[in-house]
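Working notes, structure below.
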Amino acid sequence: TTTTTTTTTRAVAARERSATRARGTTTVVARGYAGGGFNIVPVPDRVVALVPYLLPLLSALRYGRFFFGQFPAAVVLLKPLMPILRGVAMLPMGNLIMFFAIYLGIAKNQNLSRFCRFNGMQAILLDIALIFPSLLEALFGPGILGIGLPGIVTMIMHNAIFVVTLAAFAFAAVGCMSGQYIRFPILAEAAEAQMGY
């Protein structure tokens with residue numbers, strides 16, 4: 001049965017390569033994340049899969065103020081994102097528009113590959129996870145409980161959130177560009193549950 005599976009996998013990969021060549025699309029062959037066979041991911045799919053991760057990165061920028069205050073040279077990291085950042089900032093409710101554009105246009109779009117939809121859903125869930133630190137901040141702020149977090153705690157929390165989100169973006173960028181599934185703990189399972197399989 002192993003020989004039959006290997007032969008079937010090779011035949012499917014060869015058919016997909018020939019179909020992709022007929023469309024004129026460049027492909028990269030990468031091991032599937034489940035370890036079963038090969039997974040051919042066209043270059044446009046890899047780019048489309050990466051775009052949704054800009055949403056949590058842009059949402060995390062509000063937590064980067066202490067980081068950029070401590071490391072001003074790191075602002076260079078934002079230079080490529082400035083046109084997108086300006087475009088989202090100019091739109092009323094720009095983040096919300098971008099959220100629904102990614103959700104409906106990528107994560108729930110059955111015309112796109114599973115690779116694109118999975119990454120779109122995982123990026124959306126990462127963006128939703130960034131809401132919880134804001135809620136905690138508001139809860140412990142002077143308005144609701146009247147406690148107020150000490151400045152050092154706020155700085156450490158903001159830096160941690162920003163650095164973790166930046167690392168997640170970098171990790172996702174490498175995975176998407178190499179055509180491999182990147183699975184973040186908890187978020188990957190939730191993304192698959194939302195996709196229905």
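The values are calculated or read from the model by the stated rules, or taken from the named source; none is laboratory data. Values in this document were obtained by computation on a predicted structure and should not be read as measured data. So basically every Cβ, Gly included, is an ideal-geometry build from the backbone, and we count neighbours across all protein chains shown. What goes into the accessible areas is simple: the full protein's heavy atoms, side chains included, and nothing from ligands, DNA or RNA. Shrake-Rupley method; radii C 1.70, N 1.55, O 1.52, S 1.80 Å.
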- Task: Please enumerate the residues belonging to segment 113-137 that are outside any helix (DSSP H, G or I) and among the hydrophobic types (A, V, I, L, M, F, W, C).
- Result: LEU130
- Item | Selected residue (criterion: most open to solvent (accessible area, probe 1.4 Å)) from residues of segment 68-121 that are among the β-branched types (Val, Ile, Thr) and closer than 19 Å to PRO52 by Cβ | ILE97
- Query: If you go through segment 124-132 one residue at a time, do you hit one that is open to solvent by less than 60 Å² (accessible area, probe 1.4 Å) and aromatic (Phe, Trp, Tyr)?
  - Reply: no
- Message: Against the definition (surrounded by 12 or more Cβ atoms within 10 Å (Cβ to Cβ), outside any strand (DSSP E or B) and at pLDDT below 85), how does THR3 come out, yes or no?
- Response: no
- Item | Matching residues in segment 36-65 - criterion: being open to solvent by 60 Å² or more (accessible area, probe 1.4 Å), of a type outside the set (D, E, K, R) and out of contact with any strand residue (DSSP E or B) (no Cβ under 6 Å at 6 or more places or on another chain) | GLY36, PRO44, VAL47, VAL51
